[in-house]
Structures are given as C-alpha cells and as structure tokens.
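Scroll down for the structure; my scribbles are underneath it.
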Amino acid sequence: MTSRTRAHHTVCPFCNEEVYLEELVGGKCPLCGSPLEDMDDECLEIGDDLDRSDLSWLICHYFLFKRLDDLGANPFQVMEVIEKYEEKRGTGNEGEKLSFEIEVPYTLRERVIPKRCADCSRLFFKGGKKIFRWDAEKPIDSVIYRCPTCSQ
C-alpha cells in the first residue's frame, strides 16, 4: 500500500476537504464541483493552447539547457543565457550576431592535464577558466581555456 503523504494536495475552500491535485476534474473539486483558483501549484496544470511553434521552442531550449547542464554550468547562468538569446531573437535585428560565452567548471581530468590558452597560446596547468562558446552562425560549439593572466 502506497502512502499519499508526499502527493501534492490542497484543501477545498468550499467543502473544506483535502483534495489531491491528480484527482481534480477540470480544475474543480471532485466532491463539490467548485473551482480551485487559488492553488499553490498552478504550474502543474498544462495549458491546452500549445502549438507546433511552442514545441520547437521547448525542444530547442531543452537541448541547450541539457548541453550546458552536462558541462556543469550553473542553472541560473543557463537561464540568463536563454533569456538573452530570446531578447536578441525577439528584437528582430538581423545584423545582430547571436553568440554567448559561459564559464563552466573543470572536470577532474581537465584539472590535471595541461591546457592551452585561446588568447595567448600559453600552456598552463593551474588556474584559468574553462569557457563554453556558442555562435548561432556556426553549427559547432566549442570549449576554450584561458590562462590566469588572460582571464583577469
């Protein structure tokens, strides 16, 4: 027998009964039929007005987020990058270049091996930064390294 203590639930303001969110019928209480508008978890409801353009937008952002998350980037930085990308895309400036750089942490292997600085071509072992670079005009993303002197 499974416990429902961790399931999302709320209290119906009309009949004062505990109602689990998966039991709602069209956003209404299954016991009294009153609408539950002041729910805390409104994000759990899925809108019916998704069309194909929204689907491509979601897929694009999902893969961008997944790629940066796999590299170890901070989720807040990733969301800022996505917001900047949407702002640039929304302005409609065709001449504006869509690109970004985001700092990601070193992997265990990268901490040990020597790295070459992308700016001054110097070899370094400690310090510096690992930077993920993406450009909308190029199909390939790249990871570059900057030595401690160039990264300041």
Given (1) under 17 Å from the mean Cα position of the chain (by Cα); (2) modelled with pLDDT of 85 or more; (3) open to solvent by 60 Å² or more (accessible area, probe 1.4 Å); (4) not polar (S, T, N, Q), index of the condition LEU123 fails: (1)
Residue list for region 120-143, restricted to those being out of contact with any strand residue (DSSP E or B) (no Cβ under 6 Å at 6 or more places or on another chain) and either among the charged types (D, E, K, R) or in a helix (DSSP H, G or I) (or both): ARG122, LYS126, GLU137, LYS138
Could you go through region 86-100 and let me know if any residue there is surrounded by 15 or more Cβ atoms within 10 Å (Cβ to Cβ), out of contact with any Leu (no Cβ under 8 Å at 6 or more places or on another chain) and touching a residue at least 24 places away in the same chain (Cβ under 8 Å). yes
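The values are calculated or read from the model by the stated rules, or taken from the named source; none is laboratory data. Computed from a prediction, not measured in an experiment: that's the story for all the values here. Note that we place each Cβ from the backbone using ideal geometry, even for glycine, and neighbour counts take in every protein chain shown. Accessible surface areas use protein heavy atoms only, side chains included; no ligands, DNA or RNA. Shrake-Rupley method; radii C 1.70, N 1.55, O 1.52, S 1.80 Å.
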